[in-house]
Amino acid sequence: MTSTNGNKAQTPALAVRDLSVAYGERLALDGVTLSIAHNTVAGLLGPNGSGKSTLLSVVAGLRTPRSGEVRIFGEAPEPARRRRVGVVFQEQALDPVMTLWETLVLHGRLFGLGGNTLRRRAEALLERFGLASRQRDAVRTLSGGLRRRLELARALLPSPELLLLDEPTAGLDPDARRSFWQLLRSVREEGLTLLLATNDVLEAERECGTVAFLHDGRLVAQGTPAELKRGLKHDSVRIECVDSDGDGGRANALAQSIASWPGVGGVTSAGPVLHVTVDDVSTFVPRLFQTDADAIRDLRIQPSTLEDAYFQIAGASLQAERAQEATTA
Amino acid sequence: MTSAARTVNAWGALLTRDLRAFFRSRSQLTSSLLLPLMLLAILGIGVTEGLEPTRVRDGDYVSFLVSGMIVMTALFSSTFSSASFYQDRDSGMLKVLLVSPHSPAVILLGKSLGAIVIGSAQALIVLAVAAAIPAIELEWQYGVVVSLALAVTTVIGLNVLLSGLAQVLASRIRTMQGFHLVMNLVLFPMLFFSGAFFPLANLPGWLYGLALANPLTYAVDLLQLALYADGSDGYLGVGVDLAVLGTLALALFVWGMRRHPLVD
């Protein structure tokens, strides 16, 4: 798609500058700036409500931002230019009474395809996605995994150059998920740029060349998974604390104590759960139990992941924001 | 808690949920109260004052009703088709349509075409069936070709108007239930008060005045002139009907197409 054209390769597939979106008074996106290169897989990672879907909906042209700008291959996302963009939405978006064939034909015609070109392309995609034998069936008869495949085939029908995927594997069983990603990887090799919104850290770490962390509508970090994990301690410890009062008090007390220990990196808490990155679990865990064994309900150890990087970066961002608010006040 | 108490508790919870939803839906609340009261007033007065068998041609009420039935068919068919907007929104298809390389107005216009074509076809089928029944005597006073052209124009114009009205409402009302209730609240009185079921000429002055403010009155009048009447006395006239219906249809349709659809 891009390697043979120097200018095209230099222009980002997607450039978002200082983008803000509000739902009423609430800011869903707050000054997000982001750039995605051609022929890459970029991930938007963040919890529910962090602004991932809102960002995709603005790029897709469904929502108008309060301020900022979006450029797709250097151009404003006006309706006529949307033929370069394909979308797979978070919720399934299919007409249950249409057949698979009718679904593709409708989409193709909306995107200006027709005649033999549309027929050949639809047939090829149904064949490639293992849906050819079901093409005369109503969509309602398909399993969740097959519906997702159909949605991917539909998005690819007009040969988009940028594909937006909003949590495309959410709710799929492991087989369907694996099958979906096999198909995505195969189309990726044809030079497509993918923007994947997900809250599945492993999926983002495995599939994405670059990842952007969104937190409360703000972009708090962007880089390759390796860059984002740089500086993290070697191991990650997830500690679930006893929380009989329901206020996370024991977890907070333990977090304050742990934070000053040597060899401890980031400490973040979410209710009764603490995420701690450490140099050496063999010294950290015994000391933890000596300090307050009664507070610990469950403890798990694993190598540091992108999730730890997210918690550390998002937590730091939140702390900086609170400090700034305190200073302003 | 006993098993019976748990069951009653569950019923109480479900009842509370539905009552809360009902009282939170202002459209449901108002239309459920207003509609019966309006029908009582309009239909009651209309039947008492207007439905004197001697006041329709030769006492032939069946033939008189043909125009009203055509308008009623267009009305409900067009409304039903317009509700597909909500099905598309709930199934997610609306988003798929809106991310295509077309403006929202193009998508809405395309969707409205379906409602207009289906509503017009169903209404014209009613006309064809009525024309084929020997007991129904249609006058075709301008000749069959011209009268038929007038009837087809009326039906299409009416469906354009209704499609625009449905789109205006759909862009403001979030739920399909609310849409149907408001449409019923608007459309039932319009239908009963359009001359579809009884002549308007003998109604009290204030009701006749309200009927003149009803767009459907002009559609019924035009159809009566084209199909049923053997003169123009007591009718508004083809020129007035075409001018009012055409202007309103165009205005409402353009207004409806300029509304941005509620995606979620």
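The values are calculated or read from the model by the stated rules, or taken from the named source; none is laboratory data. Every value quoted in this text rests on a predicted model; they were computed, and no experiment measured them. We place every Cβ from the backbone using ideal geometry, glycine too, and count neighbours over all the protein chains shown. For accessibility, only protein heavy atoms count, side chains too; no ligands or nucleic acids. Shrake-Rupley method; radii C 1.70, N 1.55, O 1.52, S 1.80 Å.
When you check B:Q224 against the structure, is it in contact with a helix residue (DSSP H, G or I) (Cβ under 9 Å, 6 or more places away or on another chain) and open to solvent by 20 Å² or more (accessible area, probe 1.4 Å), yes or no? Spelling it out, it is not the case that B:Q224 is in contact with a helix residue (DSSP H, G or I) (Cβ under 9 Å, 6 or more places away or on another chain) and open to solvent by 20 Å² or more (accessible area, probe 1.4 Å).
Taking (1) part of a loop (DSSP other than H, G, I, E, B); (2) in contact with a Leu (Cβ under 8 Å, 6 or more places away or on another chain) in turn, A:W261 satisfies each apart from (2).
Residues of segment B:124-138 that are under 17 Å from B:A226 (Cα atoms), touching a residue at least 12 places away in the same chain (Cβ under 8 Å) and open to solvent by less than 80 Å² (accessible area, probe 1.4 Å): B:L124, B:V126, B:L127, B:A130, B:I136, B:L138.
Is it true that A:S20 is of a type outside the set (A, V, I, L, M, F, W, C), open to solvent by less than 40 Å² (accessible area, probe 1.4 Å) and within 15 Å of B:L97 (Cα to Cα)?
no
Applying a threshold of 7 Å to beta carbon distances and a minimum spacing of six or more residues, or different chains, the list of pairs starting in segment A:35-46 at a residue that is more than 21 Å from A:G68 (Cβ to Cβ) and ending at one that is among the aliphatic types (A, V, I, L, M) and open to solvent by 10 Å² or more (accessible area, probe 1.4 Å) reads A:H38/A:M1; A:H38/A:A9; A:N39/A:M1. Just so you know, in segment A:61-91 the residues that are assigned to a helix (DSSP H, G or I) and open to solvent by 50 Å² or more (accessible area, probe 1.4 Å) include one that is farthest from the other protein chains (Cβ to nearest Cβ), and it is A:R84. Among the residues of segment B:58-91, those that are among the small types (G, A, S) and within 14 Å of another protein chain (Cβ to nearest Cβ) comprise B:S84, B:S91. Looking only at residues in segment B:201-218 that are out of contact with any Gly (no Cβ under 7 Å at 6 or more places or on another chain) and touching a residue at least 60 places away in the same chain (Cβ under 8 Å), the one that is farthest from B:S163 (Cα to Cα) is B:P204. Comparison of B:N159, B:N184 shows that the only residue that is in contact (Cβ under 8 Å) with a residue 40 or more places away in the chain, open to solvent by 40 Å² or more (accessible area, probe 1.4 Å) and of a type in the set (S, T, N, Q) is B:N184. The test for being in a helix (DSSP H, G or I) and open to solvent by less than 20 Å² (accessible area, probe 1.4 Å) holds for B:F85. Taking the criterion of being buried (at least 19 other Cβ atoms within 10 Å of the Cβ), within 14 Å of another protein chain (Cβ to nearest Cβ) and hydroxyl-bearing (S, T, Y), the only residue of segment B:92-123 that qualifies is B:S100.
Of all residues in segment A:16-60, those being hydroxyl-bearing (S, T, Y) and either away from chain B (no Cβ under 14 Å) or in contact with a Cys (Cβ under 8 Å, 6 or more places away or on another chain) (or both) number 5. Checking each residue in segment A:92-141 for being within 14 Å of chain B (Cβ to nearest Cβ), surrounded by fewer than 14 Cβ atoms within 10 Å (Cβ to Cβ) and touching a Leu at 6+ places or on another chain (Cβ under 9 Å) picks out A:R109, A:R140. Suppose the filter is aliphatic (A, V, I, L, M), under 30 Å from B:G234 (Cα atoms) and open to solvent by 10 Å² or more (accessible area, probe 1.4 Å); does B:L65 pass it? Yes.
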